[in-house]
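The values are calculated or read from the model by the stated rules, or taken from the named source; none is laboratory data. On a predicted model such as this, the values are computed, not experimentally measured, just so you know. As a convention, Cβ positions derive from the backbone with ideal geometry for all residues, glycine included, and neighbour counts pool all protein chains shown. We work out accessible area using only protein heavy atoms, side chains counted, and drop any ligands, DNA or RNA first. Shrake-Rupley method; radii C 1.70, N 1.55, O 1.52, S 1.80 Å.
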Amino acid sequence: MQGLTAELLRGLWYVAAPGSALRPGGVLAKTLLGEPVLIGRTRDGAVFALRDICPHRGIPLRHGRFDGETVQCCYHGWRFDRTGTCVEIPSLREGQTVDLAKIRCGAYPCREQHGLIWVYFPPADGTPGAVPAPDSAGARDGPPPVPVFAAEDAPKLHIMLPFACSTDHAAFGLMDPTHAAFVHTSWWFKKKAATLRPKEKHFEPSELGWRMVRHPLPPQNTVYKVLFGDNVTTEISYRLPGLRFEEIRGEGNAAVGLTAITPIDGQATEVHQFFWTTHRWTRPLAPLLRHLMRVFLDQDRKVVVQQREGLEHGARLMLINDADTQARWWMRLKDEWLSAQAEGRAFVNPLEPKTLRWRS
């Protein structure tokens with residue numbers, strides 16, 4: 001928490017990309033949790049994820065060819081199927097036998113749900129480069145569901161920005177309830193940065209995290225009434241490994257926003273924002289809405305870049321009550337997750353219900 005590098009959590013599902021980023025027969029190479037990953041979509045639409053290293057000579061498989069079913073290494077033509085198993089070595093002659101089933105590049109559990117591609121990173125087993133089989137324990141529960149919407153419903157809006165910071169500092173900034181008046185200022189949003197109002201919110205533990213208990217939006221927020229109808233309420237939840245869900249419901253419409261923090265490595269992060277909505281008019285306004293989303297998220301990105309200047313000089317961080325309590329919760333959850341894995345026991349959420357007060 002104090003430095004530039006975060007300890008990364010395993011045994012969890014991470015958002016890798018929107019499903020729209022992969023066409024049938026396409027591949028996408030990424031670095032996730034410091035590991036090279038090649039994500040592909042077969043001709044029949046199924047997604048898979050391989051360790052992007054050929055076990056023969058170590059060249060990344062992304063430099064090769066994908067025929068819609070198997071990935072062929074560019075160096076010697078070895079082929080691997082969607083499970084990471086070698087299915088062909090072109091150089092073999094008659095009488096030369098090799099048990100291809102024992103040659104694996106490694107595969108990660110991978111699922112497409114709610115229009116997102118999720119990759120599961122199993123707990124480390126101590127073997128460098130080892131990747132367990134896709135049916136690893138812990139992966140079977142699958143990614144968390146998006147409230148309100150069906151598993152086949154894709155988001156109507158998506159943006160992604162790279163953050164030059166650890167997942168911890170990205171999470172602290174995105175869950176911080178008091179920075180908006182100073183960071184998120186634009187001609188169209190919060191022009192009067194010095195206007196601070198008292199806030200009081202109730203929180204309770206939830207699966208792998210906590211939630212701000214559902215509450216009605218203030219009556220002065222007339223935009224929400226126009227967009228969602230009467231009796232508009234919202235609920236915001238945070239959960240490991242870095243997922244923020246915001247669910248807004250009214251008598252007319254509903255919307256869910258997901259901010260997903262995905263580590264590239266210990267010091268670099270991808271921050272995705274997705275929106276699902278029941279509104280029918282989002283498609284023609286999508287370019288404008290994505291622009292506004294990007295402006296807002298980029299303000300968060302810029303401030304953590306500025307923060308990094310201080311962290312590089314060993315700056316120590318202060319966390320005060322109640323404004324920074326959620327940052328403390330984040331670290332308590334991480335510590336418990338790591339301890340549970342090290343001790344071979346079930347995770348136990350250490351948080352308790354609490355009311356927090358601040359000005360923002």
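In whole Å, how far is the Cα centre of segment 1-65 from that of segment 265-320? Here the answer is 22 Å between Cα centres. The slack in the chain from Val183 to Arg316, taken as 0.36 nm per residue of separation less the alpha-carbon distance, amounts to 45.8 nm.
Relative contact order for segment 1-70: 24 percent, from Cα pairs under 8 Å spaced at least 6 residues apart, divided by residue count. Per residue, the chain exposes an accessible area of 50 Å² to a 1.4 Å probe, with every protein chain left in place.
Remark: the Glu246-Gln306 segment gains 18.9 nm on full extension, using 0.36 nm per residue and subtracting the alpha carbon distance. For segment 292-360, GluC sites (Glu not before Pro) are listed when DSSP marks them as loop and at most 15 other Cβ atoms sit within 10 Å of their Cβ; the list is Glu312.
What the phi angles of segment 241-257 give under the Karplus curve with 6.51, -1.76 and 1.60, with θ = phi - 60°, is a coupling list of x, x, 10, 10, 9, 10, 10, 10, 10, x, 6, x, 9, 9, 8, 10, x Hz, glycine and proline written as x. Taking Leu292, Leu240, Leu157 in turn, the Gaussian network model of the chain (Cα-Cα springs below 10 Å) assigns the largest fluctuation to Leu292. Note on exposure: Lys201, Lys156 ranked by accessible area (1.4 Å probe, complete protein assembly) read Lys156, Lys201, with the most exposed listed first. Sparse packing (at most 12 other Cβ atoms within 10 Å of the Cβ) combined with a DSSP loop state is found for the following GluC sites (Glu not before Pro) in segment 62-125: Glu94. Between Trp210, Trp276, Trp78, the GNM of the chain built on Cα springs shorter than 10 angstrom shows Trp78 fluctuating the most. Taking amide H as placed 1.01 Å from N in the peptide plane, Ser206 has its amide H under 5 Å from the amide H of Arg211, each at least 5 places away in sequence or on another chain. Rounded to the nearest whole Hz, the Karplus-based 3J(HN,Hα) values (6.51 cos²θ - 1.76 cosθ + 1.60, θ = phi - 60°) of segment 105-114 follow the sequence 8, x, 10, 9, x, 9, 9, 10, 8, 6, with x at glycine and proline. Once amide H atoms are built 1.01 Å from N in the peptide plane, which residues 5 or more positions from Ser360, or in another chain, come under 5 Å H to H? The list, which skips near neighbours in sequence, is Arg197, Lys199.
For the residues Val87, Val98, Val183, a GNM of the chain with alpha-carbon springs under 10 Å puts the largest fluctuation on Val98.
Residue-wise HN-Hα couplings along segment 292-306, as the Karplus relation 6.51 cos²θ - 1.76 cosθ + 1.60 with θ = phi - 60° gives them from phi, are 5, 4, 5, 4, 5, 5, 5, 5, 5, 5, 5, 6, 6, 5, 5 Hz; Gly and Pro carry x. Only Cα pairs under 8 Å and 6+ residues apart enter the sum, and on that basis the relative contact order of segment 209-360 stands at 13 percent. The portion of the accessible surface of segment 231-360 made up by carbon and sulfur, rounded to a whole percent, is 51 (1.4 Å probe; DNA, RNA and ligands excluded).
Computed about the Cα centre, the dipole magnitude for the chain is approximately 1040 debye when only Lys and Arg (+1) and Asp and Glu (-1) carry charge, each at its Cβ. Taking Ser166, Ser20 and ordering them by how much accessible surface each has at a 1.4 Å probe, largest first, produces Ser20, Ser166. Relative to the current alpha-carbon distance between Leu292 and Phe347, full extension at 0.36 nm per residue lengthens the span by 16.0 nm. Between the amide H of Asp52 and those of Val37, Leu38, distances stay under 5 Å, these residues lying 5 or more places away or on another chain, with hydrogens modeled in the peptide plane.
The value of relative contact order for the chain, using C-alpha pairs under 8 Å at least six residues apart, is 19 percent. When the trypsin sites (Lys or Arg not before Pro) in segment 285-360 are filtered for DSSP coil states and for at most 11 other beta-carbon atoms within 10 Å of their beta-carbon, the remaining sites are Arg316, Arg345. Convex hull volume per residue, computed on the Cα atoms of the chain, equals 157 Å³.
Taking label positions 7 Å along the Cα-Cβ direction at both Thr97 and Arg23, the computed distance is 4.4 nm, reported to one decimal.
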